[in-house]
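Enquirer: Dumping the structure here so I can ask a few things about it.
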Amino acid sequence: MSGRAPRQEEEEEKEKREESAKVRHKEELSRRIKEQKVVVDELSNLKKNRKVYRQQPNSNIFFLVDRTETLSQCKNTLDELKKAHQEMENSEKTKIKK
């Protein structure tokens, strides 16, 4: 057994779990940003007369949607994801400085 108190070991384990959860969240956010960038790029490169369909969640049903409206929604989503990622980066930098 180590010479540390059980409570200190519990705190260290808790910190490790929190840190790994933050890393997983950051990786998930990065993955979603990459996906969203691809969607925005594809939508912005479509010809004007092309049709765009959106799939309903958890089904195989697709609905016709307006291309420009969908593009703007995707850009907004990308901006929100980037903002969340930046906030996460800033909070990590603040922790490191302390």
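Enquirer: Using a 7 Å offset from the Cα along the Cα-to-Cβ direction at both Arg17 and Gln56, what is the distance between the two label points in nm, to one decimal?
Expert: Going from the Arg17 label point to the Gln56 one covers 3.9 nm.
Enquirer: Still on this structure, please answer the following. Once you keep just the Cα pairs under 8 angstrom separated by 6 or more residues, what percentage relative contact order results for the chain? Can you show the working numbers first?
Expert: Values: 41 pairs, mean separation 26.3, N = 98.
Relative contact order comes out at 27 percent.
Enquirer: Summing -39500 (n - 2.57) over the DSSP H runs of n ≥ 4 in the chain and dividing by its residue number, what mean residue ellipticity at 222 nm do you reach, to the nearest 500 deg cm²/dmol?
Expert: Values: 2 runs with 70 residues, N = 98.
Result for the chain, helices only: -26000 deg cm²/dmol.
Enquirer: Helix 6-44 sits at what angle to the longest principal axis of the chain, using alpha carbons and giving 0 to 90 degrees rounded to 10?
Expert: Taking the Cα atoms of the chain, the angle to 6-44 is about 10 degrees.
Enquirer: Per residue, how many Å² of accessible area does segment 51-95 show with a 1.4 Å probe? Present the calculation step by step, with values, prior to reporting the outcome.
Expert: Details: 3510 Å² over 45 residues.
The answer is 78 Å² per residue.
Enquirer: Rounded to the nearest 10 degrees, what's the angle between the helix 67-97 long axis and the longest principal axis of the chain, both from Cα atoms, 0 to 90?
Expert: It is inclined by approximately 20 degrees.
Enquirer: Charges only on Cβ, +1 for Lys and Arg, -1 for Asp and Glu: so what's the dipole of segment 37-94 about the Cα centre, in debye to the nearest 20? Working shown, then result.
Expert: Numbers: 11 positive and 9 negative charges, 85 e Å.
In debye, rounded to 20, segment 37-94 gives about 420.
Enquirer: So, one more: Starting from 0.36 nm per residue, how many nanometres of slack lie between Ala84 and Arg24 once their C-alpha separation is accounted for?
Expert: Full extension of this stretch gives 20.2 nm more.
Enquirer: Of the accessible area of the chain, with the probe set at 1.4 angstrom, what percent is carbon plus sulfur? The partial results should precede the final answer.
Expert: Details: 4290 of 8580 Å².
The value for the chain is 50 percent carbon and sulfur by accessible area.
Enquirer: Evaluate E = 1/(1 + (r/R0)^6) for Ser91 and Asp41, where r is the Cβ-Cβ distance and R0 equals 35 Å; express this FRET efficiency to the nearest 0.05. Don't jump to the answer; show the numbers that get you there.
Expert: Details: r = 29 Å, r/R0 = 0.83.
So the FRET efficiency works out to roughly 0.75.
Enquirer: Something else now. About its Cα centre, what dipole magnitude does the chain give when the only charges are +1 on Lys and Arg Cβ and -1 on Asp and Glu Cβ, stated in debye to the nearest 20? Intermediate results must be reported in sequence, preceding the final value.
Expert: On the way: 25 positive and 20 negative charges, 106 e Å.
Around 500 debye, computed over the chain.
Enquirer: Using the Cα gyration tensor of segment 12-67, with a ≥ b ≥ c the square roots of its eigenvalues, what is the shape: rounded (a/c below 1.5), prolate (a/b larger than b/c) or oblate (neither)? Before the final figure, lay out the partial values.
Expert: Details: a/c = 7.27, a/b = 2.43, b/c = 2.99.
The shape class here is oblate.
Enquirer: Which links in Lys16/Lys93; Lys16/Lys75; Lys22/Lys51; Lys26/Lys75 stretch past 30 Å when you go from one Cα to the other?
Expert: Numbers: Lys16/Lys93 18 Å; Lys16/Lys75 35 Å; Lys22/Lys51 39 Å; Lys26/Lys75 20 Å.
Among Lys16/Lys93; Lys16/Lys75; Lys22/Lys51; Lys26/Lys75, the Cα-Cα distance tops 30 Å for Lys16/Lys75; Lys22/Lys51.
Enquirer: Positive end of the charge dipole of the chain (Lys, Arg +1 and Asp, Glu -1 on Cβ, about the Cα centre): tell me which of Ser30, Thr70, Pro57 has its Cα farthest that way.
Expert: Thr70
The values are calculated or read from the model by the stated rules, or taken from the named source; none is laboratory data. Everything numeric in this text was worked out from a predicted model, so none of it was measured. Neighbour counts are summed over all protein chains in view; Cβ atoms, including those assigned to glycine, are modelled from backbone coordinates with ideal geometry. When the accessible area is computed, the model is the full protein with side chains, heavy atoms only, and any ligands, DNA or RNA have been set aside. Shrake-Rupley method; radii C 1.70, N 1.55, O 1.52, S 1.80 Å.
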